[in-house]
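I have a structure here, written as structure tokens, and I will follow up with some questions on it.
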Amino acid sequence: MAQSGVSVTPECINAFNELKLGKDIKYIIYKISDDWKEIVVEETSKDGDWNSFRDKLLNAKSKDRKGKEGIGGRYAVFDVSYELESGEGTRSKITFIAWCPDDAPQYPRMMYSSSKEAIKRALNGLAADIQANDADDIEWESILNRVSKGR
Amino acid sequence: MNIPNPSTAPVPGEYAGDEVSAIVLDPGYWTTRAGFAGEDVPKSVCPSFYGQLDNDSGAQYLFGENAIHTPTGNLEIKNPWGADGIVEDWDTATKIWEYAITSRLTGAKAGDPAKNGLNDGTNANGDSMDVDIDALDNQEKPLEDSPLLVTEPGWNSAKAREKYIEIAMEEWGAPAFYLQKTGVLAAFASGKASGIIIDVGASHTSVTPVLDGMVLRKGVQKSPLAGNFVSNQTRLVFKQSQPEIPLTPHFMVKSKTPVDAGVPAQAMYKTFGVPPTDSFRRLEEERVLTEFKESVVEVWSGPGRLSNGNNEDISKAMPGRPFEMPDGWNQVFQGERFRPAEGLFDANAALQDADNPRPKDEHTIPRLVQQAVQHVDTDQRPLLLSNIVITGASTLLYKFNDRLSHEINQLYPSTKNRLVAPGTVVERKYAAWIGGSILASLGSFHQLWISRKEYEEHGPGIVEKRCR
Ligand SMILES: Nc1ncnc2c1ncn2[C@@H]1O[C@H](COP(=O)(O)OP(=O)(O)O)[C@@H](O)[C@H]1O
Ligand SMILES: [Mg+2]
């Protein structure tokens with residue numbers, strides 16, 4: 001359970017398993033529900049285009065507890081594939097992204113950071129985990145850099 | 001957990017309907033912060049110092065801003081926190097915290113929860129309160145309607161943690177309890193599940209590595225180089241100045257006439273039948289020193305230390321800042337204003353005398369960061385270094401962040417290091433309280449509270465299991 005007590009709905013795990021096994025889904029965007037009680041699937045996509053995915057994160061909204069809409073956070077899983085330098089083919093890594101923009105209001109910032117552990121723990125088989133707090137952090141170059149490093 | 005509270009009965013489909021009137025308590029060495037969960041700032045901010053008057057009938061305790069700042073006979077000023085950053089005098093700490101809660105939140109007795117938060121006619125903890133401890137024991141318990149979330153330092157002992165829940169349950173009658181670490185709350189309040197939290201308060205500086213919301217206990221570092229240290233350094237600047245700069249607290253001054261810079265004050269001073277105690281005077285001096293730290297002291301911004309190359313000459317040529325003592329003595333401070341904070345970063349630069357020995361090198365802030373990072377797996381270090389959260393009122397020292405940033409870049413030239421410093425003073429001072437306020441107001445937080453029933457079944461040891 002997360003430190004916030006926010007729970008993860010089974011559909012989150014189902015979507016993730018589908019991505020993991022089928023390799024048909026390219027990414028999943030999760031959000032915390034509007035009543036701030038559980039993490040749900042906002043969208044799954046078969047389109048692996050990073051930039052359109054990135055735009056979705058940049059435009060994400062959340063309501064604060066008074067119902068006012070503002071910049072929001074999200075969680076996402078993206079099947080990141082990239083060419084190995086030596087021409088040894090491609091590699092793909094299932095990457096978890098906690099998107100918690102620094103310019104979001106206090107409330108969503110708090111909620112997305114304190115609930116992250118719950119969703120991360122529910123998803124078995126993540127190859128990388130990225131904490132992203134501004135637009136630069138989710139540039140393709142930056143992601144690739146972090147994902148392809150080391151293991 | 002179900003809290004009978006008709007005024008906040010759940011409204012279907014509306015988030016706010018789930019809120020319970022929980023109270024969040026963030027006790028520090030300098031101040032104790034208390035307020036209702038869900039509010040943006042703590043309604044009650046009280047000094048953590050207390051007054052003790054010994055007379056024939058025993059000891060009398062004084063709490064709150066007005067009571068402890070009025071010179072009264074042989075009033076001694078004390079603080080319940082120990083030198084190790086853990087509460088030492090539990091009985092009095094309990095009373096101070098209780099005062100912070102009851103004076104502004106719940107009323108002296110448990111009130112109607114529907115009226116909680118409405119009894120705020122004043123805007124400061126101005127009311128003095130002589131507390132007769134025996135009489136309090138016979139009163140209703142102050143927190144019978146409110147779950148309580150308390151913050152604790154990352155190095156708290158297991159025994160101290162059990163003490164918190166005992167106080168909440170036994171003394172205050174709280175229906176539910178939770179303990180969370182200040183570092184974790186400050187990280188969350190800044191939107192970080194992982195990061196390094198640098199907290200510079202009054203008695204301690206701490207550096208806390210947090211990974212996915214969990215404190216990496218073995219990496220937690222602490223040192224006494226914090227706000228009190230900077231105050232003491234300022235005292236030495238005054239003492240070693242030629243002529244010595246007189247530090248005169250407000251309570252001593254009856255009236256003053258404006259004087260030119262650097263010349264002796266022309267003031268009328270109060271006289272006292274019983275001279276105020278040293279401890280009283282010291283706290284009053286500390287308030288003047290805090291004003292001085294707020295408005296005059298500047299951290300040498302770097303790169304490099306103040307003692308490097310000709311940095312000292314550069315600092316002396318920088319614009320000065322004026323300061324006026326409560327008795328009218330005033331001066332423009334130039335190079336001296338860079339001295340009090342330099343020791344936070346460079347132990348060699350600390351001013352010394354018999355009472356203020358040279359600080360340990362490993363206690364400076366850069367070294368604390370270094371030691372904390374060493375305890376983290378190599379592959380996690382870049383993540384932590386790109387999320388360095390700055391909190392605590394002493395980080396408001398002018399140019400503190402610039403210097404820290406230079407120091408960290410020098411230690412770790414090959415990672416992308418990033419400081420996250422809340423822009424507003426309120427967020428910087430109260431980050432942990434604000435984080436606690438949001439968590440404790442959540443409907444989903446129900447499952448985390450330790451209920452009274454659970455406490456009664458399992459005893460105080462339950463905190464160790466439930467509040468990691
Ligand atoms: N604007 C400021 N600039 C520098 N120091 C400050 C400022 N405001 C408060 N302080 C100092 O910060 C310390 C209190 O910090 P705080 O984080 O509130 O401590 P604690 O958690 O121990 O109660 C005191 O030493 C006080 O003198
Ligand atoms: Mg503190």
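The values are calculated or read from the model by the stated rules, or taken from the named source; none is laboratory data. Just so it is clear, the model here is predicted, and its values are computed rather than measured. FYI the Cβ positions are ideal-geometry reconstructions off the backbone, even for glycines, and counts take in every protein chain you see. Heavy atoms of the whole protein, side chains included, go into the accessibility calculation; ligands, DNA and RNA do not. Shrake-Rupley method; radii C 1.70, N 1.55, O 1.52, S 1.80 Å.
Scan segment B:172-198 and report the pairs whose first residue is within 23 Å of residue A:107 (Cβ to Cβ) and whose second residue is away from ligand 2 (no atom under 14 Å from the Cβ) and aromatic (Phe, Trp, Tyr), with Cβ atoms within less than 7 Å and a gap of 6+ or a chain change.
Cβ pairs passing all conditions: B:176/B:449; B:178/B:449; B:179/B:164; B:191/A:112.
Sticking with this one: Could you please give the count of residues in segment B:380-420 that are in a helix (DSSP H, G or I), of a type in the set (A, V, I, L, M, F, W, C) and within 13 Å of ligand 1 (Cβ to nearest atom)? Show your work before the answer.
First pass over segment B:380-420, keeping only residues in a helix (DSSP H, G or I): B:380-385, B:393-396, B:400-411.
Subset that is of a type in the set (A, V, I, L, M, F, W, C): B:383-385, B:393, B:396, B:400, B:404, B:408, B:411.
Narrowing the set further to residues that are within 13 Å of ligand 1 (Cβ to nearest atom) leaves B:393, B:396, B:400.
Residues meeting the conditions: 3.
Just need a number here: residues in segment B:155-170 that are assigned to a loop (DSSP other than H, G, I, E, B) and open to solvent by less than 10 Å² (accessible area, probe 1.4 Å).
Within segment B:155-170, residues that are assigned to a loop (DSSP other than H, G, I, E, B) and open to solvent by less than 10 Å² (accessible area, probe 1.4 Å) number 1.
Regarding segment B:52-65, can at least one residue be identified that is closer than 16 Å to residue B:168 by Cα and either open to solvent by 30 Å² or more (accessible area, probe 1.4 Å) or not small (Gly, Ala, Ser) (or both)?
No, segment B:52-65 contains no residue that is closer than 16 Å to residue B:168 by Cα and either open to solvent by 30 Å² or more (accessible area, probe 1.4 Å) or not small (Gly, Ala, Ser) (or both).
Looking at segment A:33-51, which of the residues that are among the hydrophobic types (A, V, I, L, M, F, W, C) and over 15 Å from residue A:95 (Cα atoms) is farthest from the other protein chains (Cβ to nearest Cβ)?
Ranking the qualifying residues of segment A:33-51, first place goes to A:41.
If you don't mind, another one. Only one of (1) within 30 Å of residue A:75 (Cβ to Cβ); (2) away from ligand 2 (no atom under 14 Å from the Cβ) is not met by residue B:164, so which one is it?
Single failed check for residue B:164: (1).
What is the one condition in (1) surrounded by 20 or more Cβ atoms within 10 Å (Cβ to Cβ); (2) within 19 Å of residue B:371 (Cα to Cα); (3) of a type in the set (A, V, I, L, M, F, W, C); (4) out of contact with any Leu (no Cβ under 6 Å at 6 or more places or on another chain) that residue B:225 does not satisfy?
(4)
Just checking, does segment B:356-367 include any residue being within 13 Å of another protein chain (Cβ to nearest Cβ), at pLDDT 95 or above and under 25 Å from the mean Cα position of the chain (by Cα)?
No, because not a single residue in segment B:356-367 is within 13 Å of another protein chain (Cβ to nearest Cβ), at pLDDT 95 or above and under 25 Å from the mean Cα position of the chain (by Cα).
Next question. Looking at residue B:210, is it in contact with a helix residue (DSSP H, G or I) (Cβ under 7 Å, 6 or more places away or on another chain), of a type in the set (Val, Ile, Thr) and more than 16 Å from ligand 2 (Cβ to nearest atom)?
So residue B:210 does not fit the description; no.
Out of curiosity, is residue B:248 surrounded by 12 or more Cβ atoms within 10 Å (Cβ to Cβ) and either within 14 Å of chain A (Cβ to nearest Cβ) or more than 16 Å from ligand 1 (Cβ to nearest atom) (or both)?
yes
Taking residue B:432 as the residue in question, decide whether it is touching a Leu at 6+ places or on another chain (Cβ under 6 Å), assigned to a helix (DSSP H, G or I) and farther than 18 Å from residue B:343 by Cβ.
yes
For residue B:214, work out the one condition from (1) open to solvent by 40 Å² or more (accessible area, probe 1.4 Å); (2) within 15 Å of ligand 1 (Cβ to nearest atom); (3) within 14 Å of another protein chain (Cβ to nearest Cβ); (4) not charged (D, E, K, R) it doesn't fulfil.
It fails just one condition, (2).
Looking at this structure, is residue A:103 within 12 Å of chain B (Cβ to nearest Cβ) and within 21 Å of residue B:444 (Cβ to Cβ)?
The answer is no for residue A:103.
Modelled with pLDDT of 95 or more, away from chain A (no Cβ under 14 Å), buried (at least 24 other Cβ atoms within 10 Å of the Cβ) and not in a helix (DSSP H, G or I): is that true of residue B:208 in this structure?
Here the answer is yes, as residue B:208 does meet what is asked.
Could you count how many residues in segment B:410-427 are more than 14 Å from chain A (Cβ to nearest Cβ) and closer than 23 Å to residue B:393 by Cβ?
1
Here's a check for you: in segment A:10-32, which residue that is closer than 30 Å to residue B:178 by Cβ and either open to solvent by 20 Å² or more (accessible area, probe 1.4 Å) or among the basic types (Lys, Arg) (or both) is nearest to the other protein chains (Cβ to nearest Cβ)?
So the residue we want is A:31.
What helices (runs of 4 or more DSSP H) lie completely within segment B:221-324 and have 3 or more residues being within 26 Å of the chain's Cα centre (by Cα)?
Fully inside segment B:221-324 and qualifying: B:227-240, B:278-295.
Within segment B:49-72, count every residue that is outside any strand (DSSP E or B) and of a type in the set (A, V, I, L, M).
Of all residues in segment B:49-72, those outside any strand (DSSP E or B) come to B:49, B:56-57, B:64-72.
Remaining after also requiring of a type in the set (A, V, I, L, M): B:67-68.
So the answer is 2.
So, in segment A:106-133, how many residues would count as being within 8 Å of chain B (Cβ to nearest Cβ) and among the aliphatic types (A, V, I, L, M)?
Here the count works out to 2.
Name the residues in segment A:97-128 that are at pLDDT 95 or above and part of a strand (DSSP E or B), would you?
Result: A:97, A:98, A:99.
Please determine whether any residue of segment A:104-117 is open to solvent by 10 Å² or more (accessible area, probe 1.4 Å), touching a residue at least 12 places away in the same chain (Cβ under 8 Å) and within 27 Å of residue A:22 (Cβ to Cβ).
Looking for residues that are open to solvent by 10 Å² or more (accessible area, probe 1.4 Å), touching a residue at least 12 places away in the same chain (Cβ under 8 Å) and within 27 Å of residue A:22 (Cβ to Cβ), one finds at least one in segment A:104-117, hence yes.
Moving on to the next point. Out of everything in segment B:171-205 that is within 13 Å of ligand 2 (Cβ to nearest atom), in a strand (DSSP E or B) and open to solvent by less than 10 Å² (accessible area, probe 1.4 Å), what residue ends up being nearest to the other protein chains (Cβ to nearest Cβ)?
B:197
Right, something else. Among the strands (runs of 3 or more DSSP E) lying completely within segment A:56-96, list those that include at least 2 residues that are aromatic (Phe, Trp, Tyr) and away from every other protein chain (no Cβ under 14 Å). Write out each step before concluding.
Values: elements: A:61-63, A:69-71, A:74-83.
Where strands (runs of 3 or more DSSP E) fall fully within segment A:56-96 and carry at least 2 residues being aromatic (Phe, Trp, Tyr) and away from every other protein chain (no Cβ under 14 Å), they are A:74-83.
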